[in-house]
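Trainee: Sharing a structure with you now.
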Amino acid sequence: MFLKILASIAIVFAVIVFAGLSGLSFYVWPTGFNDHKLSVTPDVIQRLRTLQSEHKFGPDGLTFYPGAVNERQRLMAQAAVDSTIQSLIAELPKRPQRSTVLRTMKTTLANFNTTESEERDQVLEYLSKVMEICGVESSAELFNVWRYGFPYGWII
């Protein structure tokens, strides 16, 4: 009996590790739990537009980010963030929900393909700014699952 329980725990652990390492966890990670309405005012939309208009992925002394490896990479990363912001500007007035923000970000992250860890971290910095503007307090571990494969915030 004890061996069956131990074997079951080992199998569950192996499945969780496989899902995290393979990226499967990210694709099944929910964005609708603890959903609530957001206050989307004209000021929120204007702040999103201001962030969208900024030059992104250049050197940043505050976060010690050295800037994108090359201009092509910078433009690709900026386009990903800017398209997220544009989608939210269009969608949030119609559906001002936390899940709208997280679902849009999940789509962006799923399509953002780079091996450069600095750009991946910087994308999360910009998406965190978007969340702050929108009044979303947490990504509900979506960012950790995308970046590392596991919801490390649950452990810490």
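FYI, it's all coordinate maths here, none of it is from the lab. Quick caveat: nothing in here was measured; it's all calculated off a predicted structure. Every residue, glycine among them, receives a Cβ derived from its backbone with ideal geometry; neighbour counts consider all protein chains shown.
Trainee: Note the full-extension length gain between residue 60 and residue 15 as 0.36 nm times their separation in residues minus their Cα-Cα distance, in nm to one decimal.
Mentor: 12.3 nm
Trainee: Taking 7 Å along the Cα-to-C-beta vector as the label spot, tell me the residue 36-residue 117 distance in nanometres, rounded to one decimal.
Mentor: 3.5 nm
Trainee: Here is a follow-up. Using the 10 angstrom Cβ neighbour count as an exposure proxy, how do 65, 27 rank, fewest first?
Mentor: By the 10 Å Cβ count, ascending, the order reads 27, 65.
Trainee: Right, here's the next one. To the nearest Å, what is the center-to-center distance of the range 76-115 and the range 29-63, using C-alpha atoms only?
Mentor: 9 Å
Trainee: Taking the Cα centre of the range 35-139 as origin, work out the dipole magnitude from +1 charges on Lys and Arg Cβ and -1 charges on Asp and Glu Cβ, in debye rounded to 20.
Mentor: Taking the Cα centre of the range 35-139 as origin, the dipole is about 480 debye.
Trainee: Another question, if that's okay. Mind checking which helices in the chain clear 27 Å along their axis (Cα) and have mean Kyte-Doolittle hydropathy of -0.5 or more, DSSP H runs only?
Mentor: Sorted by number, the helices that extend far enough and score high enough are 2-22, 71-91.
Trainee: Which one is right for this structure if Cα extents along the principal axes in Å is calculated from it: (i) 62, 38, 25; (ii) 39, 37, 30; (iii) 69, 28, 26?
Mentor: (i)
Trainee: Give the aspartates and glutamates whose C-alpha is closer than 18 Å to that of residue 37, dropping any in the same chain fewer than 8 places away, or say none.
Mentor: Within the straight-line cut-off, residue 37 pairs with 91, 132, 137.
Trainee: To continue, here is another question. Please compute the length gained on full extension between residue 27 and residue 89, using 0.36 nm multiplied by the number of residues separating them and subtracting their Cα-Cα distance.
Mentor: Difference between extended and current length: 19.9 nm.
Trainee: By average Cβ neighbour count within 10 Å, what is the ranking of 42-49, 9-16, 121-128 from highest down?
Mentor: By packing density, highest mean first, the sequence is 121-128, 42-49, 9-16.
Trainee: Can you give the net charge of the other residues whose Cβ lies under 13 Å from the Cβ of residue 30, counting K and R as +1 and D and E as -1?
Mentor: For residues surrounding residue 30, the net value is +1.
Trainee: How would 57, 33, 26, 2 line up from fewest to most surrounding beta-carbon atoms within 10 angstrom?
Mentor: Going from least to most buried by this count: 2, 33, 26, 57.
Trainee: Going 7 Å from the Cα of residue 49 in the Cα-to-Cβ direction, what parts of the range 79-99 have a backbone nitrogen less than 13 Å from that spot?
Mentor: Flagged as within label range: 86, 89-90.
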